Amino acid sequence: MLQPEVKEKIKKEFGRHEKDTGSPEVQIALITNRIDSLTQHFSVYKKDFNSRRGLLKLIGQRRALLKYLNKTNPAIYQTVLEKLDLRK
């Protein structure tokens, strides 16, 4: 679970306006942050298979949002990939 301060920082960095929470850029950044925290969790708890299923769902959600963003606005797609250091 993300801390509210971290969420606000991500929303300000990736949002289109001050109260933007629904744009694909913000959603991708929030999901990426959750994926990173779950990845760290699995380095300690290797047999937590229930949370691993949630991680796979998050990865699928992020993939779908990235695909949508690439289709609708490729320029923003490239900037999001660079900011989040994702490979594509």
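The values are calculated or read from the model by the stated rules, or taken from the named source; none is laboratory data. Owing to the predicted nature of the structure, the values given are computational and were not obtained by experimental measurement. Because the Cβ atoms are built from the backbone with ideal geometry, glycine has one as well, and the counts that use them run over all protein chains shown. Heavy atoms of the whole protein, side chains included, go into the accessibility calculation; ligands, DNA and RNA do not. Shrake-Rupley method; radii C 1.70, N 1.55, O 1.52, S 1.80 Å.
In order along the stretch 65-78, the Karplus-derived 3J(HN,Hα) couplings, from 6.51 cos²θ - 1.76 cosθ + 1.60 at θ = phi - 60°, round to 5, 5, 5, 4, 5, 5, 6, 8, 8, x, 5, 5, 4, 5 Hz, and Gly and Pro are given as x. By the rule of a C-alpha distance below 22 Å, with chain neighbours fewer than 8 residues away ignored, the lysines paired with residue 83 are 7, 9, 11, 12, 19, 67, 71. Each of 78, 41, 29 was scored by the projection of its Cα onto the charge dipole of the stretch 26-88, and the greatest displacement toward the positive side belongs to 41; charges sit on the C-beta of Lys, Arg, Asp and Glu. When the accessible area of the chain is computed with all protein chains present and a 1.4 Å probe, what percentage of it is carbon and sulfur? C and S fraction of accessible area: 52 percent. With everything on Cα atoms, drop me the angle between helix 24-44 and the longest principal axis of the chain, reported from 0 to 90° to the nearest 10. Roughly 20 degrees, rounded to the nearest 10. Here the sum of -39500 (n - 2.57) over DSSP H runs of 4 or more residues, divided by the residues of the chain, equals -25500 deg cm²/dmol at 222 nm, to the nearest 500. Modelled spin labels at residue 43 and residue 82, positioned 7 Å past Cα toward Cβ, are 2.8 nm from each other. Rolling a 1.4 angstrom probe over the protein heavy atoms with all chains in place gives the chain an accessible area of 75 Å² per residue.
So which chymotrypsin sites (Phe, Trp or Tyr not before Pro) in the chain are both in a DSSP loop and have at most 14 other Cβ atoms within 10 Å of their Cβ? In loop regions of the chain (DSSP not H, G, I, E or B), the sparsely surrounded chymotrypsin sites (Phe, Trp or Tyr not before Pro) are 45. Taking all protein chains as they are arranged and a probe of 1.4 Å, the heavy atoms of residue 62 leave approximately 40 Å² accessible to solvent. Annotation: amide H-H contacts under 5 Å for residue 48 (H modelled 1.01 Å from N, sequence separation of 5 or more, or interchain): none.
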